[in-house]
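Accompanying notes for the structure given below.
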Amino acid sequence: MLLVARNEERLQRVTEEIGSGECHYMAADITESDQIAACVHYAQSELGGLDILLANAGISGPSACIEDYPEADFEYILKVNVTGTWLCLKHVLPVLKNNPEGGSVIITSSGAGLFGLADLSGYVTSKHALTGLMRTAALECAGHKVRVNLICPGPVKSTMTDSIGADFGMTPEQYEKIVSETIPMGRYATLDETADMMLFLASESSRYCTGCIFPLDGGKAMH
């Protein structure tokens, strides 16, 4: 397993928790093509290849109505969430296509990729774009035994969700209470529940799933 993120200190800590014999890490910025290429090269040369890509990196950006939304923030969200994911696919898909057994790509989107959210135009736009990217990749890869799917988590108990609430001037507890009232199951998802969906799509249990969107939102997408 190779973990890739910008924060080397956190990478090192998580790697130690998992066990350095099973997990390796590289600090990299997914918006930099050469850095992603270096990670792919390391996985091939040092770890025996690639079978699964979890494209999970993303940012939420500020909260503001469209006319007040900072242009630089809008562009940066698209650069990280869309271009960064595209670069991961650009460098990883050739490797997966050459695998005799194929592979699996899991892209993390959001419930914001299924419907609109006021004051989050940058985040919502980026997550809708990932649907088109996933479907295109799924069609290009289907003949190579490479599956490409999209997960759309609703609110998950995490620092990102808490930061969105902070942008609206709420404590994590206040924001969670208000948002949970809009979810039929009445609560946030846990990180473990999100990981379980990712593991399903990485496993052979999902071997006939490709080009699919998997909501993970306690029923919120039904509204």
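The values are calculated or read from the model by the stated rules, or taken from the named source; none is laboratory data. Here the structure is a predicted model, which is why all the values come from computation and not from measurement. Reconstructed Cβ throughout: ideal geometry from the backbone, glycine too, with neighbour counts over all protein chains shown.
Here are the numbers for this structure:
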quantity	calculated
Any chance THR125 is among the polar types (S, T, N, Q), in a helix (DSSP H, G or I), assigned by TED's automatic domain parsing to the domain that holds ILE59 and out of contact with any helix residue (DSSP H, G or I) (no Cβ under 8 Å at 6 or more places or on another chain)	no
Failed criterion for ARG6 (all others in (1) closer than 30 Å to GLY169 by Cα; (2) assigned by TED's automatic domain parsing to the domain that holds GLU204 hold)	(2)
Any pair with Cβ under 8 angstrom, 6 or more apart, that starts in region 40-57 at a residue that is more than 18 Å from VAL146 (Cβ to Cβ) and assigned by TED's automatic domain parsing to the domain that holds VAL105 and ends at one that is among the small types (Gly, Ala, Ser) and in a helix (DSSP H, G or I)	ALA57/GLY84
Helices (runs of 4 or more DSSP H) within region 1-105 that include 3 or more residues over 21 Å from ARG135 (Cα atoms) and among the aliphatic types (A, V, I, L, M)	8-18, 33-46
Some residue of region 64-74 being touching a residue at least 12 places away in the same chain (Cβ under 8 Å), among the hydrophobic types (A, V, I, L, M, F, W, C) and exposed (fewer than 15 other Cβ atoms within 10 Å of the Cβ)	yes
